[in-house]
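Participant: What follows is a single structure, and I will ask about it in a moment.
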Amino acid sequence: MSASANDLAFTRYNAGVIADMLVEAGIDMNLAPVVDLLNPANPHAGRGRRTLAPDPAMVIAHAREFILTHRERGILTTLKHFPGMRGTLKPYSPGLNEVIEDWSEVELEPFRALISEGLADAVLTTRVLYPQLDPDYPACLSKKVRRRLAPVEARLRRSGHLGSDGDAGGLGRVRLRGGNRARRQRRDRPRAPV
């Protein structure tokens, strides 16, 4: 999915195609959208056109359409990769994969906006190390990074989930917030906004 033309109808259409395929397959959660800000210098974020745009407002608008389209079909979504992967990825060490040394606060804007609108069913943290936030642990294991996530967790505590893409040597973990109510919601009735 690409928002390069800033075409919300295109995003809505493609999100519908994806959500319909998930419904058909019996899957009730999509580990998307990626709300990282686009940075051409970061090959991970731009690979396969996974990121939507360099502008937070555009990312928010397209992610909102993606999420609402999925909700119309009873599919949960996941904002990722907290706290943002716009920065330049560099190799770090075996087991931790990469480090981002040029992270900035602007990367939190899509997360904050979508969460404040009640559009976060789940948030996926990344396994990347952010030395300026925590020099010792990757985001998925860092208490310091989780402190930045505190407003997110407060919103998710009632109905959402916090997880990690930590496929780096088993570092990842999933934490459930609230119950399984959101995951178990029936598909034959529209999903209420969170």
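Participant: Name the one entry in 173, 187 that is at pLDDT below 55, over 16 Å from the mean Cα position of the chain (by Cα) and assigned to a loop (DSSP other than H, G, I, E, B).
Facilitator: It is 187.
Participant: Which fully enclosed strands (runs of 3 or more DSSP E) of region 69-112 have 2 or more residues being modelled with pLDDT of 90 or more and of a type in the set (S, T, N, Q)?
Facilitator: In region 69-112, 76-82 are the strands (runs of 3 or more DSSP E) which contain 2 or more residues that are modelled with pLDDT of 90 or more and of a type in the set (S, T, N, Q).
Participant: Let me ask another. How about region 1-38: which of its residues are modelled with pLDDT under 80 and of a type in the set (S, T, N, Q)?
Facilitator: Result: 2, 4.
Participant: Next question. Quick one: what pairs do we get from region 22-39, first residue in contact (Cβ under 8 Å) with a residue 40 or more places away in the chain and among the acidic types (Asp, Glu), second surrounded by 19 or more Cβ atoms within 10 Å (Cβ to Cβ) and assigned to a loop (DSSP other than H, G, I, E, B), C-beta under 8 Å, 6+ apart or different chains?
Facilitator: So the pair list comes out as 28/75; 36/51; 36/84; 36/85; 36/86.
Participant: Which of the residues belonging to region 102-115 are in contact (Cβ under 8 Å) with a residue 24 or more places away in the chain and not hydrophobic (A, V, I, L, M, F, W, C)?
Facilitator: Selection gives 107, 109, 110, 112.
Participant: Cβ-Cβ distance below 8 Å, separation of 6 or more or different chains: which pairs start in region 50-68 with a residue that is within 12 Å of residue 86 (Cβ to Cβ) and end on one that is surrounded by fewer than 18 Cβ atoms within 10 Å (Cβ to Cβ) and β-branched (Val, Ile, Thr)?
Facilitator: 56/106
Participant: If a residue must be touching a Leu at 6+ places or on another chain (Cβ under 6 Å), modelled with pLDDT under 75 and assigned to a helix (DSSP H, G or I), how many such residues does region 43-67 contain?
Facilitator: Counting residues in region 43-67 that are touching a Leu at 6+ places or on another chain (Cβ under 6 Å), modelled with pLDDT under 75 and assigned to a helix (DSSP H, G or I) gives 1.
The values are calculated or read from the model by the stated rules, or taken from the named source; none is laboratory data. None of these values were measured; they are calculated from a predicted model. All Cβ positions, glycine included, derive from the backbone under ideal geometry; neighbour counts span all protein chains shown.
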